[in-house]
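Comments concern the structure below.
Any read-out appearing in this document is the output of simple, stated calculations on the displayed coordinates, not a laboratory observation. Not measured: the values here are computed from a predicted model. Cβ sites come from the backbone with ideal geometry, for glycine too, and all protein chains shown count toward neighbours.
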Amino acid sequence: MNTNTTPAKLDTATFGGGCFWCTEAMFAELKGVTSAVSGYSGGTVKNPSYKEVCAGTTGHAEVIQVTYDPTMITFAQLMQVFFLTHDPTTLNRQGNDIGTQYRSVVFYRNEEEKRIAQETIAEVATSGVYSDRIVTTLEPFEVFYKAEDYHQDYFSQNSNQPYCSLVINPKLMKFRKTFESLLK
């Protein structure tokens, strides 16, 4: 038995694409993703609650923090998934969710992530996938606050709830078709 195997170094990415219940459900199904955790980033209040973030007064966005193995899935691939699983053309809005807490945002951790995010935005903007301008912001990552426990793994825990079956499930079905080669 070889005991010299070194576990893969994991990386972390933080994305805000509107409702974190939707994005968490999708990213959790990707090969190489070891966790997708719902939470809050980009605001000024320490340890904000869901109620505070939803009020739109903290400056936080609903986000997912993705831990992944970069030998199995790259940051660039995560960016492609991010841009094709939400609407990056609506300012501070995803569907019926309105406010800065639902903004489209990438919280980059270093200049390489920022560059990849900028390149992906340029590619998506010229691809013809969206007819409107991409409004996704790039913000330096500062801190992530994990959302309350009842938000974690929300879709799989509540798949029969009307919001999940009517809103999340159709998005998840489309995601699975589009990104079949990247699924676990």
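For the stretch 103-126, the residues whose amide N sits under 13 Å from a probe point set 7 Å from the Cα of Thr74 along the beta carbon direction are 113, 116-117, 119-120.
Between Pro162, Pro48, Pro70, the Gaussian network model of the chain with springs among Cα atoms under 10 angstrom shows the greatest mean-square fluctuation at Pro162.
Potential lengthening of the chain between Lys9 and Ser127 amounts to 39.2 nm, from the contour at 0.36 nm per residue minus the alpha-carbon distance. In the stretch 34-150, the DSSP beta bridges split such that about 75 percent are antiparallel, to the nearest 5. Take the Cα of Thr34, step 7 Å toward its Cβ, do the same at Glu119, and the gap between the two points is 2.5 nm.
Selection among Ala117, Ser131, Gln157 by position relative to the dipole of the stretch 113-184 gives Ser131 as farthest towards the positive end (Cβ unit charges, Cα centre). Only lysines eight or more places from Lys177 in sequence, or on another chain, were considered; those with a Cα closer than 27 Å are Lys31. Estimated from helices alone, the mean residue ellipticity of the chain at 222 nm is -8500 deg cm²/dmol (sum of -39500 (n - 2.57) over DSSP H runs with n ≥ 4, per residue). Using only side-chain charges placed at the Cβ, +1 for Lys and Arg and -1 for Asp and Glu, the dipole size of the stretch 86-184 relative to its Cα centre rounds to 320 debye. About the centre of its Cα atoms, the chain shows a dipole size close to 220 debye [charges on the beta carbon of Lys, Arg (+1) and Asp, Glu (-1) only; nearest 20 debye].
Taken about its Cα centre, the stretch 32-102 carries a charge dipole of roughly 140 debye when the Cβ of each Lys and Arg holds +1 and the Cβ of each Asp and Glu holds -1.
Residue separation times 0.36 nm, minus the C-alpha to C-alpha distance between Asn169 and Lys146: what's the value?
Stretched fully, the Asn169-Lys146 segment lengthens by 5.9 nm.
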